[in-house]
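The values are calculated or read from the model by the stated rules, or taken from the named source; none is laboratory data. None of these values were measured; they are calculated from a predicted model. Here the Cβ positions follow ideal geometry from the backbone for every residue, glycine too, while neighbour counts run over all protein chains shown.
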Amino acid sequence: MMDSKAPYALTATDGAARLGTLTTAHGTVPTPTFMAVGTHGAVRACQPSEVEAAGVDIVLANTYHLACRPGIEHIEEVGGLHAFMGWEGPILTDSGGYQALSLSHLSTISDEGIVFVSPYDGSKLFLSPEDAVQLQERYGSDIIMCLDHPALFGSSDAAILATMHRTHAWAARSIAAHRSGTGLLFGIVQGGYAAATRKESAEALAALPFDGLAIGGLSVGEPHELMIELTRTVTDAIPATTARYFMGLGSDRELLALIAQGVDMFDCVAPTRLARHGVAYTPHGTITLKQARFRTDHTPLVEGCPCPACTTCTRSYLRHLFNVQDILAHRLVSLHNLTHLARLMADVRTAIGEHRFASFHAERIAMLDEGTPERAVPEATHA
Ligand SMILES: [Zn+2]
């Protein structure tokens, strides 16, 4: 809850793009930032020290999945999620609202909350907005996300209004349940795919004493231009002093487009999920290392990248590792992809600080446009 000292400090603006810091109990995060996703309490295949060395300042874990396995009591016994994972930096925990959508065949939603049927053993877990806050407090999370009810893209107007009103009611209940001295509490703006309802949701949540606001229910299949427009509708409707987090997005092009609309925080499973499919980020777009054209490419993955993949081996060697299915390939390309996004965010922050974000943005888009066009978007980008 908002204390006398607000957690987000805005230090510079450049157009709508913002440079700032977000202070948590486990450290201050410079923004814009990209958070590495560790849904089940690990950034897949990467040790915490490696994630930190990649330049990642904050990791994300999932309330619902961790409640299923290993369970809250287990994590509490060890002393909380930081101790359990061996990560000493800030942790944001997602609430479980998105899982109600992605696991909709396994969940039932009412005004009381969400009943999940575990995909692991069929057991039932009931999560009310109060339960979601309490679980995240018990994990020791630095940023607690409210339970929300996203609407599917293509939902009727009536369904969008109903899910938005439920999200607002749950936001108020989450604030009432949130205990002082625990993590920061973020609300989640919903409102479907029309500017009027997005604005209504943003204004309703901005009127509540949240520590930050997320933009939920986007990047789920709507057209790119609509995503940009609705994001701007939200960022225009909330105070400059509030941190803005866009949930579930991780391509260079889209990150830059949303930073230009005033977003501060991002997360996505893409860097590690794509890595497991042999897809690496480069400033010229993603490349699929399994392709035959890399068999005799003895250059580093990305010249000048400080990650373990780029400083110790070549594209031909990485291709070989994928060919022989060595898990070292997954580790190296995951670390490279995380490093790539962390470096992009660092470059973005420098550009905003020097009031040249627009030209930086244009340069990066030109570099992406020069690259070999590849469509390697993962099926699901959300944690
Ligand atoms: Zn690299």
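Observations
Each row is one residue, and each column tells you yes or no for (1) surrounded by 20 or more Cβ atoms within 10 Å (Cβ to Cβ); (2) under 27 Å from residue 18 (Cβ atoms); (3) among the small types (Gly, Ala, Ser).
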residue: 38; (1), (2), (3): yes, yes, yes
residue: 70; (1), (2), (3): no, no, no
residue: 89; (1), (2), (3): no, yes, yes
residue: 94; (1), (2), (3): yes, yes, no
residue: 97; (1), (2), (3): yes, yes, yes
residue: 101; (1), (2), (3): no, no, no
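- Count of residues meeting criterion [loosely packed, with under 15 Cβ neighbours inside 10 Å and over 21 Å from residue 206 (Cα atoms)] in segment 2-29: 4
- Verdict on residue 234 being farther than 30 Å from residue 44 by Cα and of a type outside the set (D, E, K, R): yes
- Matching residues in segment 337-363 - criterion: being acidic (Asp, Glu) and either exposed (fewer than 13 other Cβ atoms within 10 Å of the Cβ) or more than 16 Å from the ligand (Cβ to nearest atom) (or both): 354, 363
- The residues listed here are 41, 55; of these, the one that is over 15 Å from the mean Cα position of the chain (by Cα), closer than 30 Å to residue 309 by Cβ and assigned to a loop (DSSP other than H, G, I, E, B) is 55.
- For first residues located in segment 58-87 and within 21 Å of residue 128 (Cα to Cα), partners that are of a type in the set (D, E, K, R) and in a helix (DSSP H, G or I) and lie 6+ apart or on another chain with Cβ distances below 6 Å form the pairs 72/138; 76/138.
- If you check 167, 182, 163 for being within 23 Å of residue 81 (Cα to Cα) and polar (S, T, N, Q), only one passes: 182.
- Within segment 265-305, the residues that satisfy the criterion of being surrounded by fewer than 22 Cβ atoms within 10 Å (Cβ to Cβ) and in a helix (DSSP H, G or I) are 273, 276, 292, 293.
- Scanning segment 192-227 for residues being without any contact (Cβ under 8 Å) to a residue 40 or more places away in the chain and not in a helix (DSSP H, G or I) gives a total of 6.
- Inside segment 8-21, residues that are in contact with a Phe, Trp or Tyr (Cβ under 9 Å, 6 or more places away or on another chain) and farther than 15 Å from residue 259 by Cβ make up a count of 1.
- Output for segment 309-327, where each listed residue is within 14 Å of the ligand (Cβ to nearest atom) and either more than 16 Å from residue 282 (Cβ to Cβ) or in contact with a Lys or Arg (Cβ under 8 Å, 6 or more places away or on another chain) (or both): 312, 317
- None of 217, 181, 248 is small (Gly, Ala, Ser) and in contact with a Cys (Cβ under 8 Å, 6 or more places away or on another chain) except 248.
- Failed condition for residue 334, given (1) away from the ligand (no atom under 12 Å from the Cβ); (2) closer than 29 Å to residue 19 by Cβ; (3) crowded, with 21+ Cβ neighbours inside 10 Å: (1)
- The condition (being under 24 Å from residue 150 (Cα atoms), touching a helix residue (DSSP H, G or I) at 6+ places or on another chain (Cβ under 9 Å) and aliphatic (A, V, I, L, M)) is satisfied by just one residue among 36, 42: 36.
- Subset of segment 8-45 (residues that are of a type in the set (Gly, Ala, Ser) and more than 16 Å from residue 143 (Cβ to Cβ)): 12, 15, 16, 17, 42, 45
- Residue match in segment 306-313 (condition: surrounded by 19 or more Cβ atoms within 10 Å (Cβ to Cβ), outside the structural domain of residue 44 (by TED's automatic domain parsing) and part of a loop (DSSP other than H, G, I, E, B)): yes
- Per-region count, segment 267-298, residues more than 15 Å from residue 371 (Cβ to Cβ) and within 12 Å of the ligand (Cβ to nearest atom): 2
- Checking 185, 92, 152, 125 one by one, the residue that is part of a strand (DSSP E or B) and modelled with pLDDT under 95 is 125 and no other.
- Filter result for the condition that a residue is more than 29 Å from residue 74 (Cβ to Cβ) and buried (at least 21 other Cβ atoms within 10 Å of the Cβ), over 216, 191: 191
- Pair list, Cβ < 9 Å and 6+ apart or interchain, from segment 329-349 residues that are farther than 14 Å from residue 308 by Cβ and part of a helix (DSSP H, G or I) to residues that are within 9 Å of the ligand (Cβ to nearest atom) and hydroxyl-bearing (Ser, Thr, Tyr): 341/281; 344/281
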